[in-house]
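For reference, the structure discussed in these notes is given below.
The values are calculated or read from the model by the stated rules, or taken from the named source; none is laboratory data. Worth saying up front: this structure is predicted, and the values here are computed from it rather than measured. Cβ atoms come from the backbone with ideal geometry, glycine included; neighbour counts cover every protein chain shown. Accessible surface areas use protein heavy atoms only, side chains included; no ligands, DNA or RNA. Shrake-Rupley method; radii C 1.70, N 1.55, O 1.52, S 1.80 Å.
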Amino acid sequence: MGCAHGKCCLPRGDGGGRREGGGVPGGRGGSTLGRAAVPGAGLALEYATLTVDGLYPDSPGRETQDAYLVATRFAGDPDLHLFAVFDGHGACGAACSGFARDALPRLLLLAAEDDGAGAGGSLLATDPAGAFRAAMIGVNEEMHAAPAVDDSMSGTTAVAALVAGGALHVANVGDSRAVAGVWRDGRVAAEELSWDQTPFRADERARVKACGARVMSVEQVEGVRDPDAEGWLADEGDPPRVWARDGLYPGTAFTRSLGDLAAEGVGVIADPEVKTVEITPAHLFFVVASDGVFEFLSSQEVVDMVAMHQDPRDACAAIAAESYKLWLEHENRTDDITIIIVHIRDAQNVLQGVTKRTPAAPGRR
């Protein structure tokens, strides 16, 4: 994650995933496999997770700053399944991502219950965007107040995908990403489920500038490049960053996050963008991942790699290996890499042992 400054903080616990309801425990260094039924929609989910610690030669004992969450049968509902990735940044990034991982499901459930529905289903069904906004803003406020987490110059992204029967709701804060693989025109095409929130986006750039931010790369701040130029290239040089008008902080390469208290004054907010899609027979799988994956791989390239593997564990391993290789081709380090891949299958066919899908027989199996 791109954050130019940081302060000390207390360490958090492990860097793996936490699961509620069903599923199997997650962890670092090897992919895990789980399954969950979606009886209300006649679907079955088969998912894998993988986290690979980043390589930082100058900080050999560095703790991974990624965290993930898989919560099957969320809120006790067999049709609700939550998948999320958190990518921390700054000196306290590990503490921030771990805090968000633990707080988000609790506050999402609370947001639903506040609607008077009991079990958490009604608000998620009628206003999932409102439930996600309340939960993520709540995580942000709790993180600010947490004595064990110094988020003044640290924070985390959060991208969460909630399967709710036949719908998929995705909420995003920052530049982690969710993408679906959809059978379209004879091939598996990438369908974006989230939008990276960075100063590369004209709308996000205008929004933070309206809050008093300067948007410049490090080269521009140091006077190497014209400070007024806006012709940044995604794969060339330092990216555009958010800076205070009168200081060399916070230097974030994203425009929304959880935490980052000092950045809130210049428009770095915790309000998520939320997208809802209907799960159709053409939706074969979806991926939720940190930008350690998407720094050098496009959404379509990731989808192509998933489509090559029947087992999502194999796809996780292949994507992580390719991401790691590309990092080292461009830099002398790698970022932390976290991937969740969720295959969407027809429940009846799964019961009958039919899981393979091929281009000759497109659609869900």
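Here are the numbers for the structure shown:
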quantity	calculated
Computed label-point distance, nm, for sites residue 331 and residue 35 using a 7 Å Cα→Cβ extension	3.9
Where 308, 136, 153 fall by accessible area, highest first, once all protein chains stay in place (1.4 Å)	308, 153, 136
Probe 1.4 Å, all protein chains present, accessible-area order of 218, 139, largest first	218, 139
Estimated vicinal HN-Hα couplings, Hz - region 233-245 in sequence order (Karplus 6.51, -1.76, 1.60; Gly, Pro = x)	10, 4, 10, 9, x, 6, x, x, 10, 9, 10, 5, 4
Residue 314-residue 185 pseudo-label distance in nm [points 7 Å out on the Cα-to-Cβ vector]	2.8
Contact order relative to length of region 173-267, as percent, for alpha carbon pairs under 8 angstrom and 6 or more apart	29
Mean separation of Cα contacts under 8 Å, 6 or more apart, over the residue count of region 104-218: relative contact order %	14
Percentage relative contact order, region 245-290, counting C-alpha pairs under 8 Å, at least six apart	27
